[in-house]
Structures are given as C-alpha cells and as structure tokens.
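A.B. asks: Take a look at this one; I'll ask things after.
The values are calculated or read from the model by the stated rules, or taken from the named source; none is laboratory data. Predicted, not measured: the structure shown is a model, and the values here were computed from it. Cβ: placed from backbone, ideal geometry, glycine included. Neighbour counts: every protein chain shown.
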Amino acid sequence: MKKILTGVLGLVLLSSCSNDSDTLPVDNNGNTTSNVIGTWKIQTEYTVSGTDKTTVIKEYAPDDCKKKSTYEFRNDGKYYMTDYNSVNSECQKAEATLNYTYSSANMEITIGNNTAKVLELSANKFIFLVTDNEDHNNDGINDYTKYVLYK
C-alpha cells in the first residue's frame with residue numbers, strides 16, 4: 001500500500017502546477033513534436049539506488065487498477081494524467097492537466113515545475129527517473145523511482 005502511494009506521489013510530483021503555458025515540447029531539430037507525444041501506460045516501476053541510479057532495490061508491476069491509468073502528452077504542450085490506484089480495496093481515480101516541455105538535448109522532461117531525467121524514449125517506450133525523498137536501502141542517500149511506460 002505504501003509503495004502504491006509512493007508511486008502515485010512520484011507521478012504527482014512530476015505533475016505539479018506550472019504557469020509556463022508558452023513552452024511547447026521540442027525535439028532535436030526544434031520541432032514541436034517528438035516521440036513523447038501520445039498516450040502512455042505504465043509497464044513497470046522500480047525503486048533504484050541513489051548511489052548509482054541503476055541498482056534495483058524493488059520492482060513493482062501494476063495491478064489491474066493501476067493498469068487503467070493513462071499519461072497523455074499532447075503536441076500543444078499539455079500533459080493529461082488519469083491515474084488509478086488501489087486504496088483500501090477500491091480503485092480510486094485522480095486527474096490532472098499540466099504544461100510540459102521535453103528537451104531531447106538534455107534528455108529531460110519537465111511537467112509543471114518538476115524535471116525528470118529521460119533514460120530512453122522511442123516510439124513505443126518511455127523510461128524516466130524521478131528523485132524519491134526516501135532512502136529505501138538505508139545507505140544514507142535518497143533513492144529514485146524509475147518508470148517504464150509504453151504506448
């Protein structure tokens with residue numbers, strides 16, 4: 001239960017409010033479209049060590065409720081999140097609409113005021129790393145959450 005809420009927090013942290021409505025997503029050529037455009041679903045979520053950002057501490061597969069979630073990036077710079085989470089045996093829905101930008105040069109995506117490191121982005125796979133405010137492996141360094149999304 002705690003990890004489900006942490007996963008939701010990770011996506012919500014990526015989804016904080018922003019007043020920057022004039023910035024559109026861009027690709028390497030300065031175009032306002034990229035592979036990020038489209039509707040994504042969560043495939044897997046990992047907690048990874050903050051020490052090396054690659055060592056997997058725990059892997060989480062989405063349950064039937066979480067599988068209903070969608071994360072849509074539109075060409076107009078808008079991000080639409082419909083996030084479902086199991087809470088006390090109920091499937092609860094949360095929604096948000098925010099501005100986003102994608103920098104292929106820096107391999108970063110910013111949703112609202114929060115930036116995540118993009119590890120991989122192709123036509124059907126999107127992997128990014130979000131800072132976690134917890135030290136899951138007790139090594140004194142806050143860890144990260146790695147999300148693997150698919151179209």
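A.B. asks: Quick check: anything in region 90-105 within 13 Å of Val36 (Cα to Cα) and not in a strand (DSSP E or B)?
C.D. replies: Checking region 90-105: at least one residue is within 13 Å of Val36 (Cα to Cα) and not in a strand (DSSP E or B).
A.B. asks: Just checking, how many residues over region 38-72 are among the acidic types (Asp, Glu), surrounded by 13 or more Cβ atoms within 10 Å (Cβ to Cβ) and assigned to a loop (DSSP other than H, G, I, E, B)?
C.D. replies: Number of matching residues: 1.
A.B. asks: Ok, one more. With the condition kept exactly as written, say whether any residue in region 68-76 is polar (S, T, N, Q) and free of Cβ contacts under 8 Å to residues at least 12 places away in the same chain.
C.D. replies: No; the residues of region 68-76 include none that is polar (S, T, N, Q) and free of Cβ contacts under 8 Å to residues at least 12 places away in the same chain.
A.B. asks: Turning to a different aspect of this structure: Can you say whether Glu108 is touching a Lys or Arg at 6+ places or on another chain (Cβ under 7 Å) and surrounded by 14 or more Cβ atoms within 10 Å (Cβ to Cβ), as far as the supplied structure shows?
C.D. replies: yes
A.B. asks: For the condition in contact with a Ser or Thr (Cβ under 7 Å, 6 or more places away or on another chain) and modelled with pLDDT of 95 or more, what is the one hit in Thr97, Thr47?
C.D. replies: Result: Thr47 is the single residue among Thr97, Thr47 that is in contact with a Ser or Thr (Cβ under 7 Å, 6 or more places away or on another chain) and modelled with pLDDT of 95 or more.
A.B. asks: Also: Are any residues in region 86-107 among the polar types (S, T, N, Q) and touching a Gly at 6+ places or on another chain (Cβ under 8 Å), and if so, which ones?
C.D. replies: Scanning region 86-107 gives Asn99, Thr101.
A.B. asks: Which residue pairs have Cβ atoms under 7 Å apart, sit 6 or more places apart or on different chains, and have a first residue in region 40-52 that is among the aliphatic types (A, V, I, L, M) and a second that is in a strand (DSSP E or B) and modelled with pLDDT of 95 or more?
C.D. replies: Ile42/Tyr147; Ile42/Leu149; Val48/Val56; Val48/Ile57; Val48/Tyr144; Val48/Lys146
A.B. asks: Just to confirm my filter: which strands (runs of 3 or more DSSP E) fall fully inside region 112-151 and include at least 1 residues that are under 15 Å from the mean Cα position of the chain (by Cα) and without any contact (Cβ under 8 Å) to a residue 60 or more places away in the chain?
C.D. replies: Once the strands (runs of 3 or more DSSP E) in region 112-151 are filtered for at least 1 residues that are under 15 Å from the mean Cα position of the chain (by Cα) and without any contact (Cβ under 8 Å) to a residue 60 or more places away in the chain, what remains is 114-121, 125-131.
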